[in-house]
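Report on the following structure.
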Amino acid sequence: MGTSLRNFRSALNTEFIQSNKDHHNKLKLPPREYPRITKSEWQEFVDRMLGTEFQKAELGVSIKEIDRSQLWLMARKNSSGGYEDDVQQVAKKIEDLKSQVEQTPFTVMESMTF
């Protein structure tokens, strides 16, 4: 259901909004092909799609960088906010490696020429 909704929104954005973003008068009403979309829902959707936050995300500009290991852990949290035993072992290893990286000073080496 979530994937279908995301695909539908993407299609609406591509077909109707992005192709008419310089013609705001064409974006005042929802497309005739979709009579169940109310005027207020359409206006909210258009505002969101043309907003600066969405445009930044579309261009690949990250608003907040999140470490991949954090994403991995967040995706595996159970309903109580903890981890299953197998994930807990990996979470501990990630924590240990992060603390090692933070404690280990690193030096920048000059580029080597051959």
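The values are calculated or read from the model by the stated rules, or taken from the named source; none is laboratory data. None of these values were measured; they are calculated from a predicted model. Backbone-built Cβ (ideal geometry, glycine too); neighbour counts: all protein chains shown. Side chains included, ligands, DNA and RNA excluded: accessible areas come from the protein's heavy atoms. Shrake-Rupley method; radii C 1.70, N 1.55, O 1.52, S 1.80 Å.
Quick look at the values:
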{"read-out": "Rounded accessible area of S40 (nearest 10 Å², 1.4 Å probe)", "value": "80"}
{"read-out": "Sites N78 and R48 - FRET efficiency at Förster radius 41 Å, r taken between beta-carbons, to 0.05", "value": "0.85"}
